[in-house]
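Have a look at the structure below before the remarks.
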Amino acid sequence: MNHKHLFYFWKAAKAGSIARAAEAINVTPQTLSGQIGLLESSLDTKLFARQGRSIVLTEAGKMALEYADELFALSAELEGMIKHHPKGRPAEFRVGVADAVPKLLACSLLQPAIHGEQPTRIVCREWQLDRLLAQLAVHELDMVISDAPLPPGFSVRAYSHRLLDSGISFLATRQLASQTNAPFPSCLSTLPLLLPGEDSTIQTNLRPWLERQRIRAQVVGEFDDTALMAAFGKAGVGAFPVPSIAEAEFVTSGELAVIGRTEEVQVSYFAISVERRLTHPSVLAVIESAQRMALPASQDA
């Protein structure tokens, strides 16, 4: 069997489209179709069937995809092991950071991977979780840091490793905080509030808590990018929530003050990897970094 033909089939199966797969690997759709046709001829069976304008896997195609997943996972693992024993050149650690993860927290978790025993060059990609998981599935990333585990039923063979659990702290500029004399959490009804985007775990868990506290929040902004939310907060636009584990990073400069904390709202952070039993040295460094942040990392989620 020609592994190049199998690779083209695998890319098309993962993308669900000849055109998308061809664009991703920088070949023409005609070339990709031809290579898949050669694989089908060598196996004497059809791997794809037409369904309207889309392609779907046949039963043989589904079986071939399972084996291709295993084969290319092993190939990526081999590549990773060799890359992480470099001779004079830094290893490359490719990380996806979901946009809901606070950047200061991600930086704290990732720094030990850069300053480990082996020279390492880090490449960070920030995007929506589903896009990052798609890159993880084709081994374009070594790990994804997210505020949620791998979604159930998601068609990616990967594993979630819990890093941190944290309560929530609310921050505001000192000038904004001085505008209310109400105690926490009642003061949240009297201050403009900034929230992470609706896909973030913080907002998902925070909304019911605000209702239970009978707080009528004046939400003046929602942000997928937590760094942008913090920038608006530092400009005095509103109070905003951050994981308590990262609170110190925000208040060190003295621009912001903590107006209250709650452990009733929890947010968890995960390292998502194609490895169930972690061996990647940089991923292990991130896990150890989480442990040093005083909240223990658990086993697989």
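Just the residues that are part of a loop (DSSP other than H, G, I, E, B), surrounded by fewer than 17 Cβ atoms within 10 Å (Cβ to Cβ) and in contact (Cβ under 8 Å) with a residue 40 or more places away in the chain, please, taken from the range 191-213.
Gly197, Asp199
Which of the residues that make up the range 1-48 are farther than 17 Å from Val138 by Cβ, loosely packed, with under 13 Cβ neighbours inside 10 Å and not β-branched (Val, Ile, Thr)?
If the condition is that a residue be farther than 17 Å from Val138 by Cβ, loosely packed, with under 13 Cβ neighbours inside 10 Å and not β-branched (Val, Ile, Thr), then Met1, Asn2, Gln30, Ser41, Ser42, Asp44 are the ones that fit.
Select the strands (runs of 3 or more DSSP E) contained entirely in the range 23-134, then report the ones holding at least 2 residues which are in contact with a Phe, Trp or Tyr (Cβ under 7 Å, 6 or more places away or on another chain).
Strands (runs of 3 or more DSSP E) meeting the threshold: 54-57, 120-127.
Looking at the range 89-101, I want the residues that are more than 11 Å from Leu132 (Cβ to Cβ) and at pLDDT below 95 and have a partner that is hydrophobic (A, V, I, L, M, F, W, C) and buried (at least 24 other Cβ atoms within 10 Å of the Cβ) with Cβ atoms under 6 Å, at least 6 apart or on another chain. Which pairs are those?
These pairs meet every condition: Phe93/Ala113.
In the list Thr120, Thr180, which residue meets the criterion of being modelled with pLDDT under 95 and surrounded by fewer than 18 Cβ atoms within 10 Å (Cβ to Cβ)?
Result: Thr180 is the single residue among Thr120, Thr180 that is modelled with pLDDT under 95 and surrounded by fewer than 18 Cβ atoms within 10 Å (Cβ to Cβ).
What are the residues in the range 214-252 that are among the charged types (D, E, K, R) and surrounded by 14 or more Cβ atoms within 10 Å (Cβ to Cβ), if any?
Glu222, Asp224, Asp225, Lys234, Glu247, Glu249 - these are the residues of the range 214-252 that are among the charged types (D, E, K, R) and surrounded by 14 or more Cβ atoms within 10 Å (Cβ to Cβ).
Considering each of Phe270, Phe232 in turn, give the residue that is modelled with pLDDT of 95 or more, in a strand (DSSP E or B) and within 15 Å of Pro102 (Cβ to Cβ).
Going through Phe270, Phe232 in turn, the sole match is Phe270.
So that you can scan it fast, the table gives a plain yes or no per residue for (1) in contact (Cβ under 8 Å) with a residue 60 or more places away in the chain; (2) over 20 Å from Arg276 (Cα atoms); (3) over 11 Å from the mean Cα position of the chain (by Cα):
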residue	(1), (2), (3)
Leu74	no, no, yes
Val144	yes, no, no
Ser160	yes, no, no
Ala182	no, yes, yes
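The values are calculated or read from the model by the stated rules, or taken from the named source; none is laboratory data. Nothing here was measured: the structure is a model prediction, and the numbers come from that model. Glycine also receives a Cβ, built like all others from the backbone with ideal geometry; neighbour counts cover every protein chain displayed.
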